[in-house]
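Working notes for the structure below.
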Amino acid sequence: MTTTPARRRAGIAGALVGAASAGVAAAALAKRYAVGRIRLRPDTEASEPFGELRGRERTLVTSDGYALHVEIDGPEEPGGQEDEAPLTVVFCHGYCLSLESWHYQRKDLRENYRMVLWDQRSHGRSQRVGADDSSIDRLGEDLAEVLETFVPGPCVLVGHSMGGMTIMALADRHPELFGEKIRAVALIATSAGKLAELTLGLPAALSKVVHKVAPGTVSLLGKRGSLIDRTRHAGSDIAFLITRLIGFGDSRNISPTVVDFAESMIRATPTEVVANFYPALMNHDKLSALHVLDPVPTAILVGDRDWLTPPDHSKAIAAALPKAQLTEVPDTSHLIQLERPGIVNDALRDLLKRVDL
């Protein structure tokens, strides 16, 4: 039988589609195999009660009308006078996370210290807000209102990633709080600015291209957020591998349960929220406000493999705060409080000992 050019083209196209389909199937199989092998390894954290620690739940309605979820944890004072604690530790979580990200620190300190943990607007169990109300400066105002409502006495502020930026925004807008009210600060895996210049480990030319297209891409994703959110669960294996690679430096030895826990917080953050806060993070610049922190003991911690807020950003903060203690943790990435909880907990306890009451 004679083969016509059209049939030959159809045959070639069919072969290409078949090969592509086979390639996709092989990649999916390899992905499942890789994740399966990781999950078969001994997991020391398999029984850790992530997401199960609970405090006294409160709701704060902000001055611009949004409800924030707040939890007060730690020992209750006799007669229920919890506000009379000599010192309160206030935790501010990072981008796409929630107050649950402080699991290990909460567990370590709750016997001896009063703690206030809160979900930043649009995150965790706090109310969603629109793009116009998604700014770092507004997060700083939220923190000021959390302190005014739930922290009548002296406190220590602890911020991770975007939470550290929230503290810097507070310093910029309410410098009078640092010294009398705020007695110490911990800045963990964060930045005072220039996040738009990150290379993310990419070659310089490619990094420039990524930063050029990222804002438009993120904005487009935000507009189609509800559709994307419905498909994010289907890609859980891919999300697991990405979280493990980017969030944790020593990814081969990190507990799969810890990775799952981190990934679940990220996945629970709606795509629209991710898009709304992205410009705020890229435009964040509070280097000039850091001097406000200089009078109080300050601890700075960063992982040496942090791609999202690299060590140079923490070093820039330390250069602006000569009296601060900078700790660079080896083989560690961005989710340092989950990856190296012992080191972070020790640093916080040391900071708390330095507080002058």
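Nothing in this text is a laboratory measurement; each read-out follows from the coordinates by a stated rule. Model, not experiment: these values are computed from the prediction.
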Exercise for the section: With the Cα gyration tensor of the range 304-357 in hand, give its eigenvalues times 5 under a square root as the equivalent ellipsoid semi-axes, listed largest first in whole angstrom. Expected result: 20, 17, 7
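Whole-Å semi-axes of the range 103-198's equivalent ellipsoid, largest first, each the root of 5 times a Cα gyration tensor eigenvalue?
Details: eigenvalues 91, 52, 47 Å².
Semi-axes from the Cα gyration tensor: 21, 16, 15 Å.
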Exercise for the section: Would you list, by chain and number, the aspartates and glutamates whose Cα falls below 12 Å from the Cα of K323, excluding same-chain residues fewer than 8 positions away? Expected result: D294
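Find the Cα radius of gyration of the range 259-357, compare it with 2.2 N^0.38 Å by division, and give the number to two decimals.
My calculation over the Cα atoms of the range 259-357 gives 1.23.
Measure up K194/K315; K194/K286; K286/K353 against 19 Å on the Cα-Cα distance and list the ones that go over.
From the list (K194/K315; K194/K286; K286/K353), the Cα-Cα distance tops 19 Å for K286/K353.
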Exercise for the section: Would you mind estimating how fast the range 102-144 diffuses translationally, via Stokes-Einstein at 10 °C and 1.306 mPa s with the Kirkwood radius over Cα pairs, in µm²/s? Expected result: 131
Problem - Full-stretch length increase - K107, D132 - with 0.36 nm per residue and alpha-carbon distance subtracted - result: 5.4 nm
Practice task
Quick one: compute the contact order of the range 52-161, relative version, from alpha carbon pairs under 8 angstrom and 6+ residues apart, as a percent.
Solution key: 34
